[in-house]
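The values are calculated or read from the model by the stated rules, or taken from the named source; none is laboratory data. What you see is a predicted model, and the numbers here were worked out from it, not measured in a lab. Cβ coordinates were reconstructed from backbone atoms using ideal geometry, including for glycine residues, and neighbour counts include every protein chain displayed. Accessible surface areas use protein heavy atoms only, side chains included; no ligands, DNA or RNA. Shrake-Rupley method; radii C 1.70, N 1.55, O 1.52, S 1.80 Å.
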4 protein chains.
Amino acid sequence: MSPSVRDQLRAFVDERDWSQFHSPENLAKSIAIEAGELLECFQWSDSGDVARVKEELADIATYCHLLAAGLGVDLDQVVLDKLEVTRAKYPVEKARGRSEKYDRLPD
Amino acid sequence: MSPSVRDQLRAFVDERDWSQFHSPENLAKSIAIEAGELLECFQWSDSGDVARVKEELADIATYCHLLAAGLGVDLDQVVLDKLEVTRAKYPVEKARGRSEKYDRLPD
Amino acid sequence: MSPSVRDQLRAFVDERDWSQFHSPENLAKSIAIEAGELLECFQWSDSGDVARVKEELADIATYCHLLAAGLGVDLDQVVLDKLEVTRAKYPVEKARGRSEKYDRLPD
Amino acid sequence: MSPSVRDQLRAFVDERDWSQFHSPENLAKSIAIEAGELLECFQWSDSGDVARVKEELADIATYCHLLAAGLGVDLDQVVLDKLEVTRAKYPVEKARGRSEKYDRLPD
C-alpha cells in the first residue's frame with residue numbers, strides 16, 4: 001500500500017476517533033465479516049458483479065491495512081516474508097500446475 | 001502494494017502455473033478460508049500470537065492482490081474509491097466515536 | 001437435534017469445564033472458523049472429500065447447538081421461526097427456480 | 001433436527017425448485033456467508049442483538065441441514081461421530097478447564 005493511501009486511511013480513522021474500536025481481534029472479525037460479503041457475490045454462481053466485488057475487496061484490504069498498522073508492521077513486508085515460507089513449501093518442480101496442499105504433493 | 005511486491009507475487013504464481021486456479025470465485029473462497037484462520041488466532045481470547053497473525057494476514061493480503069490483479073484493477077485505487085463512499089456514509093460530525101452502522105447512527 | 005445428542009454434548013462440555021469459554025461471541029467466532037474449514041474442502045474444486053466435509057459440518061452444527069443452548073433457545077424452533085420469515089420474503093410464485101435475493105426478484 | 005422440521009425444510013425447497021442451487025459447494029459458501037453475518041452481530045462488541053443472532057443462527061443451521069441431506073447423512077449422527085473423535089483428542093484429565101488446541105495441551 002502506498003504511503004499516500006496509508007495516510008488517507010489514518011486521517012479517515014483519526015477524524016472519526018475510531019481507533020478505539022480497532023483492536024486486533026475486532027479487525028480480525030471485521031475481515032472475516034467482509035470476506036463473507038465478498039463470497040456472497042459468488043454464492044450461487046461462479047461469476048460475481050464486478051462493482052460489488054471491488055467494494056468488498058476494498059473493505060477487506062482496508063481492514064488488513066489497519067490490522068498491520070495496529071501491529072506496527074508493514075503489510076508489504078509481511079507479504080514478502082510469507083512468500084519466502086510458501087516458496088519453501090511449494091518448490092516449483094513439485095508444485096507446478098497442482099493445487100494440492102503442500103503436505104499432499106507427490107514427491 | 002508496491003510494484004516490486006506485485007512483481008514478485010506474479011513471478012511466484014507464473015513459475016508454478018497457478019493462475020489457472022485463480023478464478024475470482026476461487027480467490028474469494030480463499031480469502032474467506034484465510035480469514036477464518038486469522039480469526040482462529042482470537043478464537044478463545046482477545047489477544048493472538050503475533051507471528052501467526054502476521055502469517056494469516058499475509059495470506060489474505062496476497063489473495064486480495066491476486067483478485068485485484070485478476071480483475072485488472074489496482075488495489076490501492078479500489079481502497080481509495082471505497083473510502084469516498086464510506087466518507088459519505090459516515091460524516092465526521094455524526095460518526096465520531098461511534099461504532100454503529102451508518103443506517104443506525106443518530107441524526 | 002434430538003434430546004439424546006444434546007445431552008451427550010452437554011456432558012462432554014461439562015466434564016471438561018468448557019462452558020466458561022462458550023460466550024456467544026466466542027461461539028460465533030468458532031462457527032466462522034469452522035465454516036472456513038468446511039469451505040477449504042471446496043477451495044480449488046467444486047467437489048470436496050466427503051469424510052472431511054462431514055467432520056467440518058459436525059463442528060459447525062456442534063457450535064450452533066452450543067450457541068442455541070447458551071441463548072436458552074431450541075435450535076429447531078429458531079429454524080422454524082426463520083422459515084416463516086423466509087417464506088414471506090420468497091413467495092413460491094415469485095421465487096420458483098430463481099436464486100436472486102428477495103429484493104432483486106422480478107415482480 | 002426433528003423429522004418434522006426436516007420435512008418442512010424439504011417442502012420449502014421443493015416448492016421453489018431450489019435444490020438445483022444446493023450443490024455441496026454452494027451450501028458450504030452459504031454457511032460461510034451466514035457465519036459472517038452472525039459474526040457481524042459481535043463485530044465491535046462482545047454482546048449481540050439476540051433477535052438477530054437467532055436469525056443468523058437459523059440460516060446457518062438450515063444450510064447445515066441441507067448439506068447433510070444432500071450428502072445423504074443424518075446431521076445428528078455426523079455430530080455424534082465427530083464427538084467420538086474429539087473425545088479421543090481431548091481426554092478429560094488433560095483438557096479440563098483449558099482452551100488450547102489438542103496438540104498444544106500439556107502432557
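One table, with the values for the structure above:
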quantity	calculated
Every pair of residues 6+ apart whose Cβ atoms lie under 6 Å, when the first sits in the range A:1-17 and is among the acidic types (Asp, Glu) while the second is open to solvent by 70 Å² or more (accessible area, probe 1.4 Å)	A:Asp17/B:Arg96
Some residue of the range A:8-26 being buried (at least 24 other Cβ atoms within 10 Å of the Cβ), of a type outside the set (Gly, Ala, Ser) and in a helix (DSSP H, G or I)	no
Sole residue being without any contact (Cβ under 8 Å) to a residue 24 or more places away in the chain, crowded, with 19+ Cβ neighbours inside 10 Å, more than 11 Å from chain D (Cβ to nearest Cβ) and out of contact with any strand residue (DSSP E or B) (no Cβ under 7 Å at 6 or more places or on another chain), chosen from A:Ala88, A:Ala68	A:Ala68
Scope the range D:39-62; condition open to solvent by less than 40 Å² (accessible area, probe 1.4 Å), more than 9 Å from chain A (Cβ to nearest Cβ) and in a helix (DSSP H, G or I); matching residues	D:Val53, D:Glu56, D:Leu57, D:Ala58, D:Asp59, D:Ile60, D:Ala61, D:Thr62
Residue in the range A:63-81 that is closer than 20 Å to B:Phe21 by Cα, touching an Asp or Glu at 6+ places or on another chain (Cβ under 9 Å), among the charged types (D, E, K, R) and assigned to a helix (DSSP H, G or I) present	no
Filter result for B:Leu75 (touching a residue at least 60 places away in the same chain (Cβ under 8 Å), within 7 Å of another protein chain (Cβ to nearest Cβ) and hydrophobic (A, V, I, L, M, F, W, C))	yes
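Condition check ((1) in the same structural domain as A:Ala28 (by TED's automatic domain parsing); (2) at pLDDT 95 or above) across all residues:
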{"position": "A:His65", "(1), (2)": "yes, yes"}
{"position": "A:Arg87", "(1), (2)": "no, yes"}
{"position": "A:Tyr90", "(1), (2)": "no, yes"}
{"position": "A:Ala95", "(1), (2)": "no, yes"}
{"position": "A:Leu105", "(1), (2)": "no, no"}
